[in-house]
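Inspection log for the structure reproduced underneath, given as structure tokens.
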Amino acid sequence: EYNLSARLLNESSSRTAFTIDWLGTHVKGLGRNRAITVTTKDGFTIHGNFRYPDDMGKDGNKIPGVVIAPGGRSNRDSYFRFEEDLLRRGIAVVSVEQRGRGQSTMGMSFDDPEIQKLWEEDPSESPYYLDVIAGIDYLASQEGIDAEKIGMLGGARGARNAVLAASLDPDRIK
């Protein structure tokens, strides 16, 4: 009985050490995470994450940022691995959930044919684009962010929105 307990204690310690090593390798340097809520130009509430390095804004340090525009069936947590990589490089990240996804449940879902029609008529007024611009506006307004060094990353429909945002807002999006 004693030997079994000692063995379990050793295995538990080994697992604890492994967990601590893993956390040190995978979480170290990932900065801070803040859930955000932003309002689009057409009045919808969009939810997202704002992740930033620990040293953002310290000693007048301004850093670049990236807005991640998710694909149609993605949410703000879908691009976590990209966020990790950017944070390790000292880049702040805003990931937004487009309306109809995750907590951003107000408004039409991307599946709605009306959204596609809006996109075709005037992409700069489409809900896709307005959701991304709300994320860009939020990121650019943060102390410690270099508002002239904002990039875009997107997957699937998010990539289309990233390209559109960069073409319509070249002063901020590089």
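The values are calculated or read from the model by the stated rules, or taken from the named source; none is laboratory data. Worth saying up front: this structure is predicted, and the values here are computed from it rather than measured. Cβ placement follows ideal geometry from the backbone for every residue including glycine, while neighbour counts extend to all protein chains displayed. With ligands, DNA and RNA removed, areas are computed over all heavy atoms of the protein, side chains included. Shrake-Rupley method; radii C 1.70, N 1.55, O 1.52, S 1.80 Å.
Structure notes:
- A count restricted to region 125-150 and to residues that are in a strand (DSSP E or B) and open to solvent by 10 Å² or more (accessible area, probe 1.4 Å) stands at 4.
- Residue pairs meeting the criteria (Cβ under 6 Å; at least 6 apart or on separate chains; first modelled with pLDDT under 90, in region 147-172; second surrounded by 21 or more Cβ atoms within 10 Å (Cβ to Cβ) and of a type in the set (Ser, Thr, Tyr)): ASN161/TYR128; ASN161/TYR129; LEU164/TYR129
- Strands (runs of 3 or more DSSP E) within region 1-115 that include 3 or more residues modelled with pLDDT of 65 or more and either in contact with a Phe, Trp or Tyr (Cβ under 6 Å, 6 or more places away or on another chain) or of a type in the set (A, V, I, L, M) (or both): 32-39, 63-69, 92-96
- The number of residues in region 151-174 that are part of a helix (DSSP H, G or I), more than 23 Å from LEU87 (Cβ to Cβ) and open to solvent by 30 Å² or more (accessible area, probe 1.4 Å) comes to 5.
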